[in-house]
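Rule-based calculations on the coordinates, nothing more; no lab input. This structure is a prediction, so every number in the text was calculated from the model and none was measured. Note that each Cβ is placed from the backbone with ideal geometry, even for glycine, and that neighbours are counted across all protein chains shown.
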Amino acid sequence: MKLSIYAKNMVVTPHVTRRIEKKTDKMSRYLLPETEMQIRMRREKNNLRVVEITVPMGNNVILRAEAAEPDNLFMAIDQALAKIERQIHRHRTKLGKRIKEDAFAAPEPEYIEEDVVDEAAPKIVRRKTFPVRPMSVDDAIIQMEMLGHDFFAFVNIETERTNVLYRRKDGDLGLLEPEV
């Protein structure tokens, strides 16, 4: 496993680097050797220390965790690493269950659900870009759950069109597919 450590508004001391290497060394047994773990640390106003960890797992799966602590960088590092470790275990467990349960099952049909658009749209306060990768609907569901989001945009590998997977208020999932 490869580590990339970045810092903003702070200095990464050798002690911090050693602590991160020691903590992440235990996780390397769950990850491929070419997997790169990116750790971004920053100091914000009021001495709030924020640690973000991103781990691309392959197969279009990205695990991400964030933790913040006032005045204590080590606690933020420990919390973020604990979150990412839980996500790695959850991802590997779901992957194993999916392989066992769905090995010979036929895919279920997908249904289009229309979403009601509110007339008074709120203003855009943040824009974010992200890579859109081709994947199956099942992989998109796993990725959305790993990130902990309520929606996920992806390119459907079967139709080669951009789809949006979202969590409905009743807890079920919806899939938005464009018409030609």
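Any idea what angle helix 73-101 forms with the longest principal axis of the chain, computed on alpha-carbon atoms, 0 to 90 degrees, nearest 10? Helix 73-101 sits roughly 30 degrees off the main axis of the chain.
Each Cα pair under 8 Å and six or more residues apart adds its separation to the average, and for the chain the resulting relative contact order is 14 percent. Beta bridges per DSSP, both residues in the chain: antiparallel share near 75 percent. Amide H to amide H distances under 5 Å link S136 with I157, where only residues 5 or more positions off or on other chains count and H is placed in the peptide plane.
Listing Y6, Y166, Y30 from fewest to most neighbouring C-beta atoms within 10 Å gives Y6, Y30, Y166. Where both bridge residues fall in the range 1-77, DSSP classifies roughly 70% of the beta bridges as antiparallel.
With the simple spin-label model, which puts each label point 7 Å out from Cα in the Cβ direction, the D138 to E36 separation comes to 3.0 nm. Using 0.36 nm per residue and subtracting the Cα-Cα separation, the extra length available between H89 and R29 on full extension is 20.5 nm. With N counted as the residues of the range 2-101, its alpha-carbon radius of gyration over 2.2 N^0.38 Å works out to 1.14. With everything on Cα atoms, drop me the angle between helix 14-25 and the longest principal axis of the chain, reported from 0 to 90° to the nearest 10. Between the helix axis and the principal axis of the chain, the angle is about 40 degrees. Put +1 on the Cβ of each Lys and Arg and -1 on the Cβ of each Asp and Glu in the chain; which of V16, L3, V55 then has its Cα farthest toward the positive end of the dipole? Ranked along the dipole, the leading option is V16.
In degrees between 0 and 90, to the nearest 10, how far off the longest principal axis of the chain does helix 137-147 point, with axes built from Cα atoms? Computed tilt is about 30 degrees.
Choose one answer from N46, N156, N59: the residue with the largest mean-square fluctuation in a GNM of the chain with alpha-carbon springs under 10 Å. Judging by the Gaussian network model, the answer is N46.
Only lysine pairs 8 or more places apart, or on different chains, with alpha-carbon atoms under 19 angstrom apart are counted in the chain, and they number 9. With helices as the sole contributors, the chain gives -9500 deg cm²/dmol at 222 nm; each DSSP H run of n ≥ 4 counts as -39500 (n - 2.57), and the sum is divided by every residue. Taking other residues whose beta carbon is less than 10 angstrom from the beta carbon of I77, and scoring Lys, Arg as +1 and Asp, Glu as -1, yields +1.
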